[in-house]
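What follows is a set of notes on a single structure, which appears directly below.
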Amino acid sequence: MNEPGIQSLMDQATLDRRVRDGQTPSWVEDHWRSFEAGLLGERNGSPFPCFFGAESVQHGDPLYTAVPSMSDPEALLSLRDRILEYLDVYQDHADKASLVTFFKPPERPLSEREYHDALWHVLQTLHLHDPEPWPADIPTDPDDPYWEFCLGGEPMFPTCRAPFYENRKSRYCPIGLEITFQPRELFERLDVTADTDAGQRARGVIQDRLEEYDGVCPHADLGDWGVEGDREWPQYMLSADDQQAPSECPVTITREHPKPAARLP
């Protein structure tokens, strides 16, 4: 961790120091400043809705990496390696240590549809080159309420910020794509899963803050893992325009392992 280069796994203090010392490209600095301001600032007189996320940034808990492309094979393989490294160290690093990934912005503005395509291309590539088999207790069908994305044998919740969320500022990043990976184990350690009283209370507070912060009703796709009728995959990148969002999960999951015919798409 904290090896030289923006594609290394960095703790928050290292990332901030490298940005202040001019050791990162401008787009990494822009991402970091936007992320920090978004999580620690207020909007409409309300703090960032996810108080766990805000507290983690305030205390310097997250780990970070930067990805110089949303499609380059080597960049995505490097991201895979950083996620696997993160999974090895996050439990000893901090209680609220999510992995925040900053992607280099595209050369031209992208539509919402193109950002959805980019996210699922990233996740499909990670799955195709996963060194571990898909967990036996996690379904492979995204239409199952108990499905969620996995890598390195670990179920996780990737959530995105992107430039097209002009009316949903809790998901807005003016720079480009950001994906925050949060293992399910992290939620369980914090006792904020949907099947606990503490988790239900936390979700109620977050939803109330969401409406105040965004100035619009919480998104209809927000739900809980394992609850019939709720699905995980639409929550990774919430739609702003239903016509541009996928109606079915655009990822193919297989238990075949290893994948001898895997090729970077």
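Bear in mind these aren't lab numbers, they're just calculated from the coordinates by the rules spelled out. What you see is a predicted model, and the numbers here were worked out from it, not measured in a lab. Reconstructed Cβ throughout: ideal geometry from the backbone, glycine too, with neighbour counts over all protein chains shown.
Database remark: amide H of residue 9 closer than 5 angstrom to the amide H of 2, 3 (H placed geometrically; neighbours at sequence offset of 5 or more, or on other chains; Pro and chain starts carry no H). Each residue in 33, 161 was given a count of other beta-carbon atoms within 10 angstrom of its own, and listing them fewest first yields 33, 161. Near residue 152, the amide H atoms lying under 5 Å from its own belong to 132; only residues 5 or more places off or on other chains count, and H is placed 1.01 Å from N. Residues whose amide H comes within less than 5 Å of that of residue 102, counting only those at least five positions distant or on another chain, are 65, 66, 67 (H built at 1.01 Å from N in the peptide plane).
Length gained on full extension, residue 137 to residue 208: 22.3 nm, using 0.36 nm per residue less the C-alpha separation.
Stokes-Einstein diffusion of the chain at 37 °C, 0.692 mPa s viscosity, Kirkwood radius from Cα pairs, rounded to a whole number: 174 µm²/s. Scoring 171-181, 39-49, 135-145 by mean Cβ neighbours within 10 Å over their residues and listing the highest first yields 171-181, 39-49, 135-145. Going from the fewest other Cβ atoms within 10 Å to the most, the residues 59, 116 appear in the order 59, 116. Taking a straight Cα-Cα cut-off under 26 Å and skipping sequence neighbours fewer than 8 places away in the same chain, the lysines within cross-link reach of residue 169 are 96, 104. Stretching the chain fully between residue 254 and residue 93 yields a gain of 54.8 nm (0.36 nm per residue, less the alpha carbon separation). Across the chain, C-alpha contacts under 8 Å between residues 6 or more apart give a mean separation that, scaled by the residue count, equals a relative contact order of 21 percent.
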